[in-house]
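Student: Dumping the structure here so I can ask a few things about it.
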Amino acid sequence: MRNLLSLQLKFEIFLWFDHQKLCIAADPFRMEKTFDEKGADSEGKKYKGLQELWQTEDKPEWYSKAVDATVDGMLGGFAHITTEDVKGSKMFLSEFISGKNGKKMNTTRALDCGAGIGRVTKNLLLPLFDRVDLLEQNEAFVEKAREMLKDEKMGNFFAKGMQDFDFTENRYDLIWIQWVAGHLSDKDFVEFFRRCQKALLPDGIIVLKENTTRKDGFIVDKTDSSITRSDSHLRQLFTETGLKVLQVKVQPNFPKELFPVRMYALQ
């Protein structure tokens, strides 16, 4: 799970923005056609676009950086926001489970992606779903999750990165992705969400809960190798995946020094 220190407002001083544009990129870390914005990192370096970032970063190392296997480690020192985080997520999901937003979603099986030690699995998904699978590439986190959730109605524990994970088709009512998509390159983001779509059961949904910049442009946090994208950037990536945005809400009651956190329901 992503380190929430990357959300801190201090990084905004490094941002500067340009008009949005589509560009063709030959870089293998990016999709063939992608949404390009200017941005900066937590050390003050500016980038003309994400292509420039991927040209200077080693992808395997980018995906392997880790934090402490504790709730505070998962949340970068912001463990106190867990209650509001889970409350906001439950309210968002309840509209689909109740059928308020259309056909009622089943609650047989969910997948928690980039699950860390299972904070979201334990506090949000297990109370709502009959069975929950957990996907996390850090093996130490997976073992900690096994220990924490040993008495729960868990399904599979997958010790693998999202960028390399092969789904079983037509398996999940919900695929939950929180504070981890910022570790994916644009290319891997699109490919992963396309695989997620195939793994959904009829009427199933994908939920992305992710921090976003306040304006167009991106921010790179070098301490945990993550990207904070803008809302418009994420929406362009969704368009590339072929997924439809069903609903978007901003997480309420978070500290003002954090970036806005948006929840996207996709199908």
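Where a number appears in this text, it was derived from the coordinates with a stated rule and is not lab data. Small disclaimer: the values here were computed from a predicted structure and weren't measured. Here the Cβ is made from the backbone with ideal geometry for all residues, glycine too, and neighbour counts use every protein chain on show.
Student: In the range 192-229, how many residues are outside any strand (DSSP E or B), among the charged types (D, E, K, R) and under 15 Å from Cys113 (Cβ atoms)? Before you say what the answer is, go through the steps one by one.
Tutor: Taking the range 192-229 as the starting set, the residues that turn out to be outside any strand (DSSP E or B) are 192-199, 213-217, 222-225.
With the extra rule that they be among the charged types (D, E, K, R), the set shrinks to 194-195, 198, 214-216, 222, 224.
Keeping just the survivors that are under 15 Å from Cys113 (Cβ atoms) gives 194-195, 198.
Result for the range 192-229: 3.
Student: If you check Phe238, Phe254, which single one turns out to be in contact (Cβ under 8 Å) with a residue 40 or more places away in the chain, out of contact with any Gly (no Cβ under 6 Å at 6 or more places or on another chain), assigned to a loop (DSSP other than H, G, I, E, B) and of a type in the set (Phe, Trp, Tyr)? First the steps, then the outcome.
Tutor: Numbers: Phe238 fails: assigned to a loop (DSSP other than H, G, I, E, B).
Just one listed residue meets the conditions, Phe254.
Student: Same structure, new question: What is the one condition in (1) touching a residue at least 60 places away in the same chain (Cβ under 8 Å); (2) assigned to a loop (DSSP other than H, G, I, E, B); (3) in contact with a strand residue (DSSP E or B) (Cβ under 8 Å, 6 or more places away or on another chain); (4) of a type in the set (D, E, K, R) that Lys187 does not satisfy?
Tutor: Only one criterion in (1) touching a residue at least 60 places away in the same chain (Cβ under 8 Å); (2) assigned to a loop (DSSP other than H, G, I, E, B); (3) in contact with a strand residue (DSSP E or B) (Cβ under 8 Å, 6 or more places away or on another chain); (4) of a type in the set (D, E, K, R) is unmet by Lys187, namely (2).
Student: Determine which single condition Gln137 fails, assuming it passes every other condition in (1) over 14 Å from Val86 (Cα atoms); (2) among the polar types (S, T, N, Q); (3) surrounded by 24 or more Cβ atoms within 10 Å (Cβ to Cβ).
Tutor: For Gln137, the exception is condition (3).
Student: Moving to a separate point now. Pairs under 7 Å by beta carbon, first residue in contact (Cβ under 8 Å) with a residue 60 or more places away in the chain in the range 147-164, partner part of a loop (DSSP other than H, G, I, E, B), six or more apart or different chains?
Tutor: Correct list of pairs: Gly161/Tyr63; Gly161/Gln137; Gln163/Tyr63; Gln163/Leu184.
Student: Just give me the residues in the range 136-189 being charged (D, E, K, R) and within 17 Å of the chain's Cα centre (by Cα), in sequence order.
Tutor: Selection gives Glu136, Lys160, Asp164, Asp186, Lys187, Asp188.
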